[in-house]
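Only the coordinates and a few stated rules stand behind these numbers; no lab work does. All figures in this text were calculated on a predicted structure; none of them were measured in a lab. Here the Cβ is made from the backbone with ideal geometry for all residues, glycine too, and neighbour counts use every protein chain on show.
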Amino acid sequence: KKTVKDIAVQGKRVLVRVDFNVPLAGQAITDDTRIRKALPTIRYLIEQGARVILASHLGRPKGEVVEKYRLTPVARRLSELLGRPVNKVDDSVGEAVKQAVAALQDGDVLLLENVRFQPGETKNDANYARQLAELADIFVNDAFGAAHRAHASTAGVAAYLPAVAGLLMEQELLNLGQAVNNPARPFVAVIGGAKVSDKIGVIENLLNKVDTLIIGGGMANTFLRAQGCPTGNSLVEEDKVEVAGELMERARNRRVSLLLPGDVVVAEALAATAPHRVVPAGEVPAGWLILDIGPASAAQFAAVIKQAATVVWNGPMGVFEMEPFAKGTEAVARALADSPALTVIGGGDSVAAVNKVGVADKISHISTGGGASLEFLEGKELPGVAVLQDK
Ligand code: 3PG
């Protein structure tokens, strides 16, 4: 895709869709990663003398003004990070916005209000998209995290303006694309999280690509059940047991090695204080719950990861928010960090895990996308990417 570096931006009004959908506790931003990751594009545009107009969503306000979803705290944080003023308006379109844009000088930065305060945003309404487009000369999409949404500010607006990728978008597409479409081998994917139903598409697509597929977390229970293992009171998606069996069959046919935990940590209840112990995966006692992979599985998975040349990881291996059930996820995080492979992580929980273990800087690429990175791993074309000009 063409990027912001492939076009002339000096003196131009550049509408940049960013993903500033950051977690908030009241007015405090509890994780500003997504703002930091947008800085290279914003700084580049400032240096080039563009007039920068930033647009983002925050939360899901459903087309009306919801005070707690205003971008005011984001403007403040962005201004601190940039070390320069960031002016913010109270809407994303309309007269006041037009005036604020008209007042911009080269190198200035303006933040529009939450685009989801407008009902046209999530409907990808052409009228709203055109109003956004009228503010600018160029559209830059740097919001990889929202690129799986076909909304007015991520996709619709590109019908009216030259549309190119931002530098974060470029990094995301390069790294995820390299891993999934042109991987150095062995290529290992580690998929976890609570539910198989969220990741069937991802597993199906990855079975065409990987050498080894490691499955852990709550979703592994459904696969264990498909193998005939007793799972006690563990979370199992009964209606997905058959699909799990089919996926295992497909792995065999494709000669993909599909690894499930051979031992598991079981507890009497879903509580950090509950009695717990390690048992073979086939011997979960009645009434107990699987809450993590066991130490032998963690060691096996780590060894496989260390032999890999490409690793993609999405989803925790257990209930890692609770200390007694965090070890499997932490072992995977460390194994990725110690690996010389191209390591790519997507999804909030895996990202939280590498942050917790303190190894985020040892990972090749940590995606800012949750749903977007999953859809990428499913092999889908993301609407916010499809609209960008090709090189
Ligand atoms: C995300 O946090 O994954 C993105 O910002 C998309 O948000 P959404 O799921 O509300 O569209």
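What the table below lists for this structure:
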| item | result |
| --- | --- |
| Which of GLU321, GLU242, GLU378 has the fewest Cβ neighbours within 10 Å, and the rest in rising order | GLU242, GLU321, GLU378 |
| Dimensions in Å of the range 274-386 - Rg and Dmax from alpha carbons | 15.5, 51 |
| Three-way shape label, the range 4-169, alpha-carbon gyration tensor, a/c 1.5 | rounded |
| Fraction of antiparallel bridges per DSSP, the range 4-169 only, in percent to nearest 5 | 10 |
| Interchain or long-range residues, amide H under 5 Å from VAL264's placed H | VAL279, ALA281, GLY294 |
| Estimated FRET transfer efficiency (LEU24, ALA299; beta-carbon r; R0 41 Å; 0.05) | 0.60 |
| Nearest 10 degrees, 0 to 90: helix 327-338 Cα axis against the chain principal axis | 60 |
| Note, ³J(HN,Hα) from phi for the range 346-358, Karplus 6.51, -1.76, 1.60, rounded to Hz, x at Gly and Pro | x, x, x, 5, 5, 5, 4, 5, 5, 5, 4, 6, x |
| Computed [θ] at 222 nm, deg cm²/dmol, the chain (DSSP H ≥ 4; -39,500 (n - 2.57); rounded to nearest 500) | -10000 deg cm²/dmol |
| Of all DSSP beta bridges in the chain, antiparallel share, percent nearest 5 | 25 |
| Greater than 31 Å apart at Cα, pairs in LYS98/LYS380; LYS209/LYS362; LYS1/LYS199; LYS123/LYS362 | LYS98/LYS380; LYS123/LYS362 |
| For peptides 192-200, 247-255, sequence by mean Cβ density within 10 Å, most packed first | 192-200, 247-255 |
| Relative packing of 35-41, 203-209, 151-157, which averages over residues the other C-beta atoms within 10 Å, highest first | 151-157, 35-41, 203-209 |
| Centre separation in Å (Cα based) which lies between the range 282-359 and the range 62-130 | 39 |
| Beta bridges per DSSP with both ends in the range 183-377, % antiparallel, nearest 5 | 35 |
| Size of electric dipole in the range 252-391: Cβ of Lys, Arg +1 and of Asp, Glu -1, about Cα centre, debye, nearest 20 | 460 |
| Dipole in debye (nearest 20) - the range 86-190, about Cα centre, beta carbon charges: Lys, Arg +1; Asp, Glu -1 | 480 |
| Residues listed by number, the range 132-158, amide nitrogen under 19 Å from VAL65 label point at 7 Å toward C-beta | 132 |
